[in-house]
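Enquirer: Encoded as C-alpha cells, here's the structure I'll be asking about.
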Amino acid sequence: MPSIALPAGQERMAVWIPVRRRATLRLINEILAVRARPDWDDELECWMVSRGHFTALAEGLLRRYPRVAVAREFNRAEACTASCKNASGPYCTCSCQARNHGGGDWMAGWRTTSGPARDVGGFWWTWLLAEKEAPPRPAA
C-alpha cells in the first residue's frame, strides 16, 4: 500500500510506493505530470517530494491503488480554531489532526479511517487510511 508522510513544518513529504525504486520515480512523475523533482532519501528509504503536490499525488495513487496511508505530524497542544476550520488546503498541525482543516474539504471524495495517535520520538503522528468513495448508484 502506498504511504505518504507529512512532517510538520517541512517543505517535503515522504512517499513510499510498493514497486521498485525506479518504477516509483516514474509513477510519481507520471501522476504529477510536472517537474516534481523527487529526491531519494537513503536514511528513510523513500522518495521526498514537495508537499505542495500532496493532494495531486494522493488522488493519483488512489486511482491506481485501492488504499493510501497518510501519516501526519501534529501538535496535541495546538487548539483547533476558526482559522483552521476556514482554511484551504490540506496542511494543518493542530490537534484536530487536519480532520477539520478547511471543513475537511481536502478529503472530498475519500472514505477515511483514522488510526490512533502515536508519540514517535517526541513527535505526535496520526495515520489516516484513505479510499476513493464509491460513486452514487443511479436511482432504479
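Enquirer: Check segment 88-106 and report whether any residue there is free of Cβ contacts under 8 Å to residues at least 24 places away in the same chain and among the aliphatic types (A, V, I, L, M).
Expert: no
Enquirer: Counting only residues that are part of a strand (DSSP E or B) and in contact with a helix residue (DSSP H, G or I) (Cβ under 8 Å, 6 or more places away or on another chain), how many does segment 17-56 have?
Expert: 3
Enquirer: Then there is this: Could you grab me the full set of residues in segment 33-68 that are in contact with a Pro (Cβ under 9 Å, 6 or more places away or on another chain), more than 17 Å from Arg111 (Cα to Cα) and aliphatic (A, V, I, L, M)?
Expert: Result: Met48, Val49.
Enquirer: Pairs under 6 Å by beta carbon, first residue within 20 Å of Pro2 (Cα to Cα) and in contact (Cβ under 8 Å) with a residue 60 or more places away in the chain in segment 109-129, partner β-branched (Val, Ile, Thr) and surrounded by fewer than 12 Cβ atoms within 10 Å (Cβ to Cβ), six or more apart or different chains?
Expert: Qualifying pairs under 6 Å: Leu129/Thr113.
Enquirer: Please determine, by comparing only the residues of segment 1-54 that are of a type in the set (Val, Ile, Thr) and surrounded by 15 or more Cβ atoms within 10 Å (Cβ to Cβ), which one is modelled with the lowest pLDDT.
Expert: Selected residue: Thr24.
Enquirer: Kindly indicate the residue of segment 84-119 that is closer than 12 Å to Ala8 by Cβ and out of contact with any Cys (no Cβ under 7 Å at 6 or more places or on another chain) and also modelled with the lowest pLDDT among those meeting that condition.
Expert: The selected residue is Gln97.
The values are calculated or read from the model by the stated rules, or taken from the named source; none is laboratory data. Here the structure is a predicted model, which means the values were calculated and not measured. Here the Cβ is made from the backbone with ideal geometry for all residues, glycine too, and neighbour counts use every protein chain on show.
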